Amino acid sequence: MVKRLERTVLLSEYEWNELTSEDQGLIQMAKTAGKNAHAPYSNFMVGAALLLDNGETLHANNQENVSFPGGVCAERVLLTYAHANYPNVAPLKLAITAKRREGERYASVTPCGICRQTISEMEMIFKQSIEILILTPEGKVLKAEGIDQLLPFKFSDLNG
Ligand code: THU
């Protein structure tokens, strides 16, 4: 008998005016951060903003490299910076925006696989889920109540 491992994931879509001002502010911060992306190769400008448990906010963007694999996604620039500088403060909310350099509309994205794994690492460190907010092309916001909603079968145990 084949055993089935099944997980249900859930993303909620909010209208802009259904968001708290804190969430709106975090999305705005990600938009601004995206403008400074170093993305001369893809011209895909990703911005990310992070709310920490001490109330501080941090932001970052994708940093590409002429040696393409050396490029780093916005989410990982931000989360690794946050943990390097605030090793004892949990990240609570991560906002993400992405658009082509010359485009008007924001792109429909979710974090890449490696970034999901990095978000998962932060959740494991602080034993607390991180809310993920993503701006949609329609100006709405997709919300995941933690990385399990994006990475249900995560790599989490070297001995498992
Ligand atoms: N990128 C991010 O910053 N975050 C993601 O989750 C996926 C992709 C960046 C990497 C590269 O600089 C550009 O977007 C195009 O892939």
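The values are calculated or read from the model by the stated rules, or taken from the named source; none is laboratory data. Owing to the predicted nature of the structure, the values given are computational and were not obtained by experimental measurement. Every residue, glycine as well, gets a Cβ built from its backbone with ideal geometry; the counts of neighbours run over all protein chains shown. Ligands, DNA and RNA are stripped out before the accessible areas are found, and what is left, the full protein with its side chains, is counted by its heavy atoms. Shrake-Rupley method; radii C 1.70, N 1.55, O 1.52, S 1.80 Å.
Selection over the range 8-51 of residues that are among the polar types (S, T, N, Q), open to solvent by less than 80 Å² (accessible area, probe 1.4 Å) and away from the ligand (no atom under 16 Å from the Cβ) gives a count of 3.
Restricting the first member to the range 5-25 and to residues that are of a type in the set (Lys, Arg), and the second to residues that are outside any loop (DSSP other than H, G, I, E, B), the beta-carbon pairs closer than 9 Å and six or more apart or on different chains are 7/148.
Evaluate the range 108-117: report whether one residue or more is away from the ligand (no atom under 16 Å from the Cβ) and in a helix (DSSP H, G or I). Within the range 108-117 (the criterion being away from the ligand (no atom under 16 Å from the Cβ) and in a helix (DSSP H, G or I)), the answer is no, since none of the residues qualifies.
Could you please let me know if residue 66 is surrounded by 19 or more Cβ atoms within 10 Å (Cβ to Cβ) and within 14 Å of the ligand (Cβ to nearest atom)? Spelling it out, it is not the case that residue 66 is surrounded by 19 or more Cβ atoms within 10 Å (Cβ to Cβ) and within 14 Å of the ligand (Cβ to nearest atom). When the range 118-135 is filtered for residues that are within 14 Å of the ligand (Cβ to nearest atom) and of a type in the set (Ser, Thr, Tyr), the ones remaining, listed by number, are 118, 120.
In this structure, is residue 129 polar (S, T, N, Q), in contact with an Asp or Glu (Cβ under 9 Å, 6 or more places away or on another chain) and not in a helix (DSSP H, G or I)? It is true that residue 129 is polar (S, T, N, Q), in contact with an Asp or Glu (Cβ under 9 Å, 6 or more places away or on another chain) and not in a helix (DSSP H, G or I).
Among residues of the range 99-115 being of a type in the set (D, E, K, R) and surrounded by fewer than 17 Cβ atoms within 10 Å (Cβ to Cβ), the one that is nearest to residue 38 (Cα to Cα) is 101. What's the total number of residues in the range 129-151 that are free of Cβ contacts under 8 Å to residues at least 60 places away in the same chain and of a type outside the set (A, V, I, L, M)? Going through the range 129-151 one residue at a time, the tally reaches 5. Yes or no: residue 157 open to solvent by 30 Å² or more (accessible area, probe 1.4 Å) and closer than 25 Å to residue 20 by Cα? So residue 157 does not fit the description; no.
Filtering the range 124-154 to residues that are of a type in the set (D, E, K, R) and open to solvent by less than 30 Å² (accessible area, probe 1.4 Å) leaves only 143. Consider the range 89-135 and keep the residues that are under 17 Å from residue 56 (Cα atoms) and of a type in the set (Gly, Ala, Ser). The one that is farthest from the chain's Cα centre (by Cα) is 90. Residue 138 meets each of the listed conditions (1) away from the ligand (no atom under 16 Å from the Cβ); (2) of a type outside the set (Val, Ile, Thr); (3) under 17 Å from the mean Cα position of the chain (by Cα) apart from (3). Search the range 69-98 for residues being open to solvent by less than 60 Å² (accessible area, probe 1.4 Å) and among the small types (Gly, Ala, Ser), and hand back the single one that is farthest from residue 26 (Cα to Cα). Per the criteria, the residue is 70.
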